[in-house]
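The values are calculated or read from the model by the stated rules, or taken from the named source; none is laboratory data. Computed from a predicted structure; not experimentally measured. Here Cβ is always computed from backbone atoms with ideal geometry, including for glycine, and neighbour counts include all displayed protein chains. Protein only, heavy atoms only, side chains kept; ligands, DNA and RNA dropped before computing areas. Shrake-Rupley method; radii C 1.70, N 1.55, O 1.52, S 1.80 Å.
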Amino acid sequence: MEDKGRESDHLMLITPERVFYAGLLGRPRKRTPGCCHVYVAVKGNLHLTIDDVFASGELFVTLPNQRHSIASDYRTAISVTLEPESMPDGVLEALAERLTGPDKAVYARKILAAYALLRQRRYGDITTAEFDEMCFGEALPRRVLDPRVTRAVARIERFSGEPVTADTCAAEAGLSASRFLHLFKEETGISFRSFRAWKRARHLLHFANQDLNLAHLAQDIGYPDSTHFSHSIRRFYGLKPRAIFVGSRDLAIYRSTETVRLAEAS
């Protein structure tokens, strides 16, 4: 589903497990996102800094919670993001090795071709497997979660009503809070609190091109106050919320059918 029908070379396709973004990167401040990023240059080079080690090139991969900064020679750059809980352990690391190996240029061209396709078709009705095929030439392995954890993830991703707590999810799963937290970490590889914090910040992407009161938005998606909201967004994205919105005014946003279904269920 398309957002506002805007005509722009800057676009973002959001699915529950993936995001394809082509647009501005903002100033190269340190960011620590909870997902894997595959960055691809549209023109010129990208410039990545991790632990004060600087590198330039056409394609880079950063793993979840890896603190880094990224800049681009050209105004538009591509970022493909993958949610770590959607894949078995080790899959992201293996993907990163393939993408940055001898066939790096092949993968860069594949993702640039995906960008060209999205600019032409401007659609959001895409599955995770189709997304992966489009960007990487193969469907990546899927992680199968315990149904009790799947229900908790769905609750977190609705972003409506009272904030989702571990106690609430544990009660629904018929477990003690401590047993539920252990199960959640065991199944997803991520602590409940870290998962919830990242998904809350990720949900901001759906509204990035809208003219909204940011204080109201922060409250709507579960932040206790504007200070917490600003601090969290800067930690994950390296930018203040206002800078994200200013830089996304011409961004066309598309949502997969599954993403729309989850939003309507909230």
**OP:** First select every other residue whose beta carbon is under 11 angstrom from the beta carbon of ILE70; then total the charges, Lys and Arg +1, Asp and Glu -1.
**Re:** +4
Subject >> Accessible area per residue, Å², the range 11-136 with all protein chains present, probe 1.4 Å >> reply: 42 Å²
**OP:** Compute the long axis of helix 226-237 from its Cα atoms, compare it with the longest principal axis of the Cα atoms of the chain, and write down the angle in degrees, 0 to 90, nearest 10.
**Re:** 50 degrees
Original post:
If we sort 32-39, 105-112 on the protection proxy, mean other Cβ atoms within 10 Å, highest first, what's the order?
Top reply: 32-39, 105-112
**OP:** May I ask for the angle, rounded to the nearest 10°, between helix 177-188 and the longest principal axis of the chain, with both axes built from Cα atoms and the value confined to 0 to 90°?
**Re:** 20 degrees
**OP:** Compute the Kirkwood hydrodynamic radius of the range 11-136, taking the inverse of the mean of 1/r over all pairs of distinct Cα atoms, and give it in Å to one decimal.
**Re:** 14.7 Å
**OP:** Rounded to whole Å and ordered largest first, report the semi-axes of the equivalent ellipsoid of the range 107-180 derived from its Cα gyration tensor (root of 5λ).
**Re:** 37, 15, 9
Subject >> For the range 147-237, projected area of the alpha-carbon convex hull averaged over all directions, nm² >> reply: 6.0 nm²
Original post:
Rounded to a whole number, what % of the accessible area of the range 11-136 do carbon and sulfur atoms account for, probe 1.4 Å?
Top reply: 49 percent
Subject >> Kirkwood hydrodynamic radius of the chain, from inverse mean 1/r over distinct Cα pairs, in Å >> reply: 19.0 Å
Original post:
Spin-label point model (7 Å from Cα, Cβ direction): what's the ARG67 to HIS182 distance in nm?
Top reply: 3.2 nm
**OP:** Calculate, for ARG158 and ARG249, the FRET efficiency according to 1/(1 + (r/R0)^6) with r their C-beta to C-beta distance and R0 35 Å; round to the nearest 0.05.
**Re:** 0.80
Original post:
In square angstrom, rounded to the nearest 10, how much accessible surface does ASP52 have for a 1.4 Å probe?
Top reply: 140 Å²
Original post:
Rounded to the nearest 500, what is the chain's calculated 222 nm mean residue ellipticity when only DSSP H runs of at least 4 contribute -39500 (n - 2.57) each, over all residues?
Top reply: -12500 deg cm²/dmol
Original post:
Taking only Cα atoms, what is the 0 to 90° angle, nearest 10, from helix 104-121's long axis to the longest principal axis of the chain?
Top reply: 80 degrees
Subject >> FRET efficiency estimate (nearest 0.05) - Cβ-Cβ, ASP146 to ALA105, R0 41 angstrom >> reply: 0.55
